[in-house]
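First comes the structure, then the notes that go with it.
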Amino acid sequence: MSVDERITTILVDTCAFRDANSDFIGISSMLLPSFFSVIKEKDILLLTHPILEREIEKHIEDSGIYKDYQSLVSHINKCKDVLRYANCCDEELFSKIADYNIKNQTFRAYKKYYKNAVKLDYPNPELIFELYFLSKPPFASTGKKKCEFPDAFVIEATKQYINEHPNDVLLVVSKDNDWVKSFWGVDNVIMCESIVEAIKKINSIESILSEDMLIKIFKGAYTEILSEAQRCAELEDYYLDDYELYEELEIDSVKVVKVEDSFVPLKISRDMILIKTIANVRVAGYGEIFDEDRSVWDNEDKEYFIIEYSDIDFDDGEAQIECEISIKFDFDNLEETARVDRFKFNNRGYIYVSCVNAEITPIDEDEMALRCLREDKGYSRRG
């Protein structure tokens, strides 16, 4: 059996978790929970280091889920007067939201996944300084070499672990070029750049389902996948790429034309797979947009002193939406028994539509005034 057919230990660089939004809880995506789930199923050992743990905790504040939470708290505080006026002010709920520490909860989830991990020791500093003065990886011959000291300690500790455990095969997850150079040519080390790629590699190791079997399951559930994607797509809100809308976009139709079969398996078991793929959606609709080409900008006041609007109509808008699909099946009859257990879009907020062939029609002042009058009386633009 070659090294590529076997993985026994895994080390993840901070940048890989950062690219996965540090979503250890699984709020926006099940990518990281699925990553640790397949590791557990394969009985693969995790390696960590105190330096990595400190960096991971620090970078949680850079994640989208942390920023979304901070924004939520801020908006609640700003809008309390309006909420009170609307009789929607739940002080007890707002207090719970304000007291909830999303950073601690996220880091606690990370620590739970790593509770049985091997924590690497600090190597002898003399070895690190020798690498530093010789400009050997991860220390480059030029640039800010001192910034690489944390990585150098982690990498050297990992190499010592590999030397002491010759039967282990280590998967290192990092896109950092200094890490790649440092592990280049080291026996029993496999490199990959991302969590998604790592999941692919882990699932390929002695998987109970072959690639052909996974395709059979997907094909067996495809009709239901399209139906679920259509149902979800009709509930979403859409916005236009490259245009600034004057009002909400009006949607005439949404149609899921295809769900890509080039999916990434996030989890594989005997009766269920969780996959990540892309739904291709065609959207038709109309709206009113700010027309930058016809508006006039004042360089001194830094604002538009003539603002023009145009109608935009489109019937071939396109959108691609990342989705996660859980499919259950009978192991002895894959294709015929495959059914969708859960379907979820991974977008945060609007789904952005590209409409290259949209028809744009300028709106003059009289027409704009008439529309405002109609809106006051409850008429739509097309009504």
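Here are the numbers:
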item: Long-range amide H partners of Val353 with built H, under 5 Å; result: Tyr239, Leu240, Asp241
item: Vicinal HN-Hα couplings computed from phi for region 81-90 (Karplus, 6.51 cos²θ - 1.76 cosθ + 1.60; Hz; Gly/Pro x); result: 4, 5, 5, 5, 4, 7, 6, 10, 9, 9
item: Chymotrypsin sites (Phe, Trp or Tyr not before Pro) restricted to DSSP loop in region 323-367 with at most 16 other C-beta within 10 Å; result: Phe331, Tyr350
item: Under 5 Å, built H, 5+ apart or other chain: amide partners of Ser63; result: none
item: Among beta bridges that DSSP assigns inside the chain, antiparallel share in %, nearest 5; result: 75
item: Low-density loop cleavage sites - trypsin sites (Lys or Arg not before Pro) in region 251-346, where at most 16 other Cβ are within 10 Å (DSSP); result: Arg270, Arg294, Lys302
item: Translational diffusion of region 7-203, µm² s⁻¹ [Kirkwood Rh, Cα pairs; Stokes-Einstein; 25 °C; 0.890 mPa s]; result: 131
item: Backbone HN-Hα couplings from phi across region 270-284 [Karplus 6.51/-1.76/1.60, Hz, Gly and Pro as x]; result: 6, 10, 7, 10, 10, 10, 10, 8, 10, 9, 9, 10, 9, 10, 10
item: Computed FRET value (nearest 0.05) for Arg342 with Leu127, which takes r as the C-beta separation and R₀ as 56 Å; result: 0.70
item: Share of carbon and sulfur in the accessible heavy-atom surface of the chain [1.4 Å probe, %]; result: 46
item: Rounded accessible area per residue of the chain, 1.4 Å, Å²; result: 57
item: When each of Lys175/Lys216; Lys103/Lys159; Lys136/Lys159; Lys67/Lys200 is checked by Cα-Cα distance, pairs over 24 Å; result: Lys175/Lys216; Lys103/Lys159; Lys67/Lys200
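The values are calculated or read from the model by the stated rules, or taken from the named source; none is laboratory data. No experiment lies behind these values; they were computed from the predicted model shown. Because the Cβ atoms are built from the backbone with ideal geometry, glycine has one as well, and the counts that use them run over all protein chains shown. In case anyone asks, the SASA skips ligands and DNA or RNA and just uses the protein heavy atoms, side chains included. Shrake-Rupley method; radii C 1.70, N 1.55, O 1.52, S 1.80 Å.
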